[in-house]
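What follows is a single structure, written as C-alpha coordinates, with notes after it.
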Amino acid sequence: MRVVGVDASKRDWVGVVLADGCFDTAVLSPTLAALLDATSEVQTVGIDIPLGSVAAAVRGCDTAARRFVAPFGSSVFAAPPRGALACETYADANQWCRDRWGRGMSAQSWALRAKVADAEAHWIERPDLVFEVHPEVSFRAMAHDHRPLTARKRSWTGHQQRLALLAAAGVVVPTDLGDAGRSGADDVLDAAAAAWSAHRIATGVATSILDPPERDEQHAHPVAIWY
(Lines give C-alpha, C1' and ligand atoms only; values in the text may rest on other atoms or scores of the structure.)
Protein backbone atom coordinates (compact mmCIF):
# COMPACT_ATOMS: atom_id res chain seq x y z
CA MET A 1 0.00 0.00 0.00
CA ARG A 2 1.65 3.20 -1.21
CA VAL A 3 0.28 6.71 -0.71
CA VAL A 4 1.64 10.23 -1.01
CA GLY A 5 1.01 13.34 1.06
CA VAL A 6 1.50 16.63 -0.77
CA ASP A 7 2.12 20.16 0.44
CA ALA A 8 2.56 23.31 -1.64
CA SER A 9 5.47 25.61 -0.86
CA LYS A 10 5.94 29.05 -2.39
CA ARG A 11 7.93 27.69 -5.32
CA ASP A 12 7.54 23.92 -5.39
CA TRP A 13 5.46 20.96 -4.33
CA VAL A 14 6.82 18.52 -1.75
CA GLY A 15 5.56 14.98 -1.36
CA VAL A 16 6.13 12.29 1.25
CA VAL A 17 5.48 8.72 0.14
CA LEU A 18 4.51 6.04 2.66
CA ALA A 19 4.68 2.31 2.01
CA ASP A 20 2.36 0.36 4.32
CA GLY A 21 2.21 3.37 6.61
CA CYS A 22 5.97 3.88 6.94
CA PHE A 23 8.21 6.51 5.36
CA ASP A 24 9.47 5.47 1.94
CA THR A 25 10.73 8.56 0.14
CA ALA A 26 10.30 12.30 -0.28
CA VAL A 27 9.87 14.11 -3.59
CA LEU A 28 10.33 17.74 -4.57
CA SER A 29 8.87 18.91 -7.89
CA PRO A 30 8.31 22.30 -9.54
CA THR A 31 4.77 21.31 -10.57
CA LEU A 32 2.05 19.14 -9.11
CA ALA A 33 1.79 17.20 -12.36
CA ALA A 34 5.50 16.30 -12.18
CA LEU A 35 5.15 15.19 -8.57
CA LEU A 36 2.16 13.00 -9.37
CA ASP A 37 3.98 11.52 -12.36
CA ALA A 38 6.91 10.68 -10.07
CA THR A 39 4.56 8.94 -7.62
CA SER A 40 2.12 7.45 -10.13
CA GLU A 41 2.09 4.07 -8.38
CA VAL A 42 0.31 5.36 -5.26
CA GLN A 43 -3.24 4.36 -4.35
CA THR A 44 -4.17 7.65 -2.67
CA VAL A 45 -3.03 11.28 -2.80
CA GLY A 46 -3.66 13.47 0.24
CA ILE A 47 -3.11 17.13 -0.58
CA ASP A 48 -3.04 20.20 1.63
CA ILE A 49 -4.99 22.42 -0.74
CA PRO A 50 -8.70 23.38 -0.59
CA LEU A 51 -10.65 21.27 -3.07
CA GLY A 52 -14.19 22.14 -4.01
CA SER A 53 -16.48 25.15 -3.85
CA VAL A 54 -19.92 25.31 -2.26
CA ALA A 55 -22.78 27.78 -2.57
CA ALA A 56 -22.15 29.33 0.86
CA ALA A 57 -19.58 32.03 1.60
CA VAL A 58 -17.56 29.64 3.78
CA ARG A 59 -17.30 25.88 3.44
CA GLY A 60 -18.69 24.01 6.41
CA CYS A 61 -15.58 21.83 6.61
CA ASP A 62 -13.37 24.91 7.07
CA THR A 63 -15.49 26.16 9.96
CA ALA A 64 -15.53 22.72 11.57
CA ALA A 65 -11.79 22.28 11.07
CA ARG A 66 -11.09 25.55 12.89
CA ARG A 67 -12.98 24.23 15.90
CA PHE A 68 -11.24 20.86 15.65
CA VAL A 69 -7.71 22.32 15.80
CA ALA A 70 -8.44 25.04 18.41
CA PRO A 71 -6.57 27.02 19.67
CA PHE A 72 -4.73 26.93 16.33
CA GLY A 73 -7.80 27.70 14.23
CA SER A 74 -6.01 30.45 12.31
CA SER A 75 -4.10 27.72 10.48
CA VAL A 76 -7.34 26.95 8.60
CA PHE A 77 -8.36 29.73 6.27
CA ALA A 78 -11.47 30.04 4.12
CA ALA A 79 -11.18 28.25 0.80
CA PRO A 80 -11.30 30.62 -2.17
CA PRO A 81 -14.58 30.31 -4.11
CA ARG A 82 -14.11 29.06 -7.66
CA GLY A 83 -16.01 32.00 -9.12
CA ALA A 84 -13.70 34.47 -7.40
CA LEU A 85 -10.63 32.64 -8.64
CA ALA A 86 -11.80 33.16 -12.20
CA CYS A 87 -11.41 36.93 -11.77
CA GLU A 88 -8.37 38.67 -13.23
CA THR A 89 -7.38 40.74 -10.19
CA TYR A 90 -7.65 40.49 -6.43
CA ALA A 91 -9.79 43.64 -6.40
CA ASP A 92 -12.23 42.01 -8.82
CA ALA A 93 -12.30 38.78 -6.80
CA ASN A 94 -12.86 40.69 -3.58
CA GLN A 95 -15.75 42.59 -5.15
CA TRP A 96 -17.20 39.36 -6.59
CA CYS A 97 -17.38 37.93 -3.07
CA ARG A 98 -18.85 41.13 -1.64
CA ASP A 99 -21.54 41.23 -4.32
CA ARG A 100 -22.50 37.62 -3.68
CA TRP A 101 -22.22 37.34 0.10
CA GLY A 102 -21.53 40.78 1.50
CA ARG A 103 -18.00 39.86 2.57
CA GLY A 104 -14.66 39.90 0.77
CA MET A 105 -11.97 37.25 0.41
CA SER A 106 -8.55 37.20 2.03
CA ALA A 107 -5.36 38.06 0.20
CA GLN A 108 -4.00 34.70 1.38
CA SER A 109 -6.77 32.87 -0.44
CA TRP A 110 -6.15 34.90 -3.60
CA ALA A 111 -2.40 34.18 -3.46
CA LEU A 112 -3.13 30.44 -3.61
CA ARG A 113 -5.31 30.69 -6.72
CA ALA A 114 -2.88 29.03 -9.17
CA LYS A 115 -2.11 26.12 -6.85
CA VAL A 116 -5.78 25.66 -5.99
CA ALA A 117 -6.72 25.57 -9.68
CA ASP A 118 -3.90 23.11 -10.37
CA ALA A 119 -4.91 20.75 -7.57
CA GLU A 120 -8.62 21.04 -8.36
CA ALA A 121 -8.03 19.93 -11.94
CA HIS A 122 -6.61 16.63 -10.68
CA TRP A 123 -9.37 16.27 -8.07
CA ILE A 124 -12.14 16.92 -10.58
CA GLU A 125 -10.70 14.24 -12.87
CA ARG A 126 -9.90 11.68 -10.15
CA PRO A 127 -11.96 12.22 -6.97
CA ASP A 128 -11.29 8.57 -6.13
CA LEU A 129 -7.54 9.25 -6.00
CA VAL A 130 -7.09 12.85 -4.78
CA PHE A 131 -8.38 13.91 -1.36
CA GLU A 132 -8.15 17.16 0.58
CA VAL A 133 -6.40 16.95 3.94
CA HIS A 134 -5.19 19.54 6.44
CA PRO A 135 -1.95 18.88 8.35
CA GLU A 136 -3.07 20.48 11.61
CA VAL A 137 -6.25 18.38 11.52
CA SER A 138 -4.07 15.32 10.97
CA PHE A 139 -1.72 16.23 13.83
CA ARG A 140 -4.65 16.87 16.18
CA ALA A 141 -6.09 13.47 15.28
CA MET A 142 -2.71 11.84 15.98
CA ALA A 143 -2.42 13.62 19.32
CA HIS A 144 -5.79 12.66 20.82
CA ASP A 145 -6.59 14.13 24.22
CA HIS A 146 -3.72 12.48 26.06
CA ARG A 147 -0.98 14.06 23.94
CA PRO A 148 -2.15 17.61 23.22
CA LEU A 149 -0.33 20.05 20.99
CA THR A 150 0.77 23.03 23.04
CA ALA A 151 2.88 25.01 20.57
CA ARG A 152 2.52 26.32 17.06
CA LYS A 153 4.23 24.38 14.31
CA ARG A 154 6.81 27.02 13.43
CA SER A 155 8.20 27.11 16.95
CA TRP A 156 10.96 24.71 17.96
CA THR A 157 8.68 23.04 20.51
CA GLY A 158 5.86 22.74 18.00
CA HIS A 159 8.21 21.29 15.40
CA GLN A 160 9.47 18.65 17.84
CA GLN A 161 5.96 17.80 19.06
CA ARG A 162 4.82 17.09 15.52
CA LEU A 163 7.88 15.03 14.65
CA ALA A 164 7.21 12.96 17.76
CA LEU A 165 3.57 12.49 16.81
CA LEU A 166 4.56 11.29 13.35
CA ALA A 167 7.12 8.87 14.80
CA ALA A 168 4.57 7.50 17.28
CA ALA A 169 2.22 6.93 14.33
CA GLY A 170 4.94 4.97 12.50
CA VAL A 171 6.04 7.78 10.18
CA VAL A 172 9.72 8.33 11.01
CA VAL A 173 11.03 11.16 8.83
CA PRO A 174 14.78 10.72 8.20
CA THR A 175 17.32 13.51 8.38
CA ASP A 176 18.46 13.07 4.78
CA LEU A 177 15.62 13.65 2.32
CA GLY A 178 17.76 14.20 -0.78
CA ASP A 179 16.53 17.06 -2.95
CA ALA A 180 13.33 17.27 -0.90
CA GLY A 181 15.49 18.36 2.03
CA ARG A 182 15.67 21.79 0.38
CA SER A 183 12.02 22.26 1.34
CA GLY A 184 11.07 24.19 4.43
CA ALA A 185 10.75 22.14 7.61
CA ASP A 186 7.07 23.13 7.85
CA ASP A 187 6.42 21.86 4.34
CA VAL A 188 8.00 18.47 5.06
CA LEU A 189 6.04 18.13 8.30
CA ASP A 190 2.82 19.01 6.50
CA ALA A 191 3.48 16.57 3.65
CA ALA A 192 4.23 13.79 6.14
CA ALA A 193 1.00 14.52 8.05
CA ALA A 194 -0.90 14.57 4.76
CA ALA A 195 0.61 11.17 3.93
CA TRP A 196 -0.55 9.80 7.30
CA SER A 197 -4.11 10.85 6.43
CA ALA A 198 -3.75 9.48 2.90
CA HIS A 199 -2.81 6.08 4.36
CA ARG A 200 -5.91 6.16 6.56
CA ILE A 201 -8.04 6.98 3.51
CA ALA A 202 -6.48 4.16 1.50
CA THR A 203 -7.04 1.63 4.28
CA GLY A 204 -10.65 2.70 4.86
CA VAL A 205 -10.31 4.03 8.41
CA ALA A 206 -10.37 7.77 7.69
CA THR A 207 -13.15 10.11 8.67
CA SER A 208 -14.03 13.53 7.38
CA ILE A 209 -14.84 17.02 8.49
CA LEU A 210 -17.81 17.33 7.77
CA ASP A 211 -19.55 13.95 7.87
CA PRO A 212 -21.45 13.63 5.63
CA PRO A 213 -19.54 15.97 3.34
CA GLU A 214 -20.96 18.94 1.50
CA ARG A 215 -21.08 18.72 -2.30
CA ASP A 216 -19.22 20.77 -4.86
CA GLU A 217 -21.65 23.19 -6.47
CA GLN A 218 -20.43 22.43 -9.99
CA HIS A 219 -19.23 18.81 -10.00
CA ALA A 220 -21.11 17.31 -7.02
CA HIS A 221 -17.92 15.71 -5.65
CA PRO A 222 -17.76 15.41 -1.85
CA VAL A 223 -16.21 18.49 -0.25
CA ALA A 224 -14.49 17.53 2.99
CA ILE A 225 -11.21 17.54 4.90
CA TRP A 226 -10.11 13.95 5.55
CA TYR A 227 -8.00 12.55 8.36
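The values are calculated or read from the model by the stated rules, or taken from the named source; none is laboratory data. Bear in mind the structure is a predicted one, so any value in this text is a computation, not a measurement. Because the Cβ atoms are built from the backbone with ideal geometry, glycine has one as well, and the counts that use them run over all protein chains shown.
Take residues that are surrounded by fewer than 19 Cβ atoms within 10 Å (Cβ to Cβ) and of a type in the set (D, E, K, R) and tell me which of the helices (runs of 4 or more DSSP H) falling wholly in the range 34-153 contain 2 or more.
90-101, 113-125
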With within 26 Å of Arg2 (Cα to Cα), of a type in the set (Gly, Ala, Ser) and in the same structural domain as Arg154 (by TED's automatic domain parsing) as the only criterion, which of Ala56, Ala38, Ala65, Ala70 stands out? Ala38
In the list Cys87, Cys61, Cys22, which residue meets the criterion of being modelled with pLDDT of 90 or more, closer than 13 Å to Val137 by Cα and of a type in the set (A, V, I, L, M, F, W, C)? Cys61
Being without any contact (Cβ under 8 Å) to a residue 40 or more places away in the chain, of a type in the set (Gly, Ala, Ser) and within 28 Å of Glu214 (Cβ to Cβ) is the filter here; which residues of the range 129-166 pass it? Ala143
Would you confirm whether any residue within the range 167-179 is over 24 Å from Met1 (Cβ atoms) and within 16 Å of the chain's Cα centre (by Cα)? no
Of all residues in the range 72-128, count the ones that are free of Cβ contacts under 8 Å to residues at least 60 places away in the same chain, touching an Asp or Glu at 6+ places or on another chain (Cβ under 8 Å) and closer than 17 Å to Gly46 by Cβ. 1
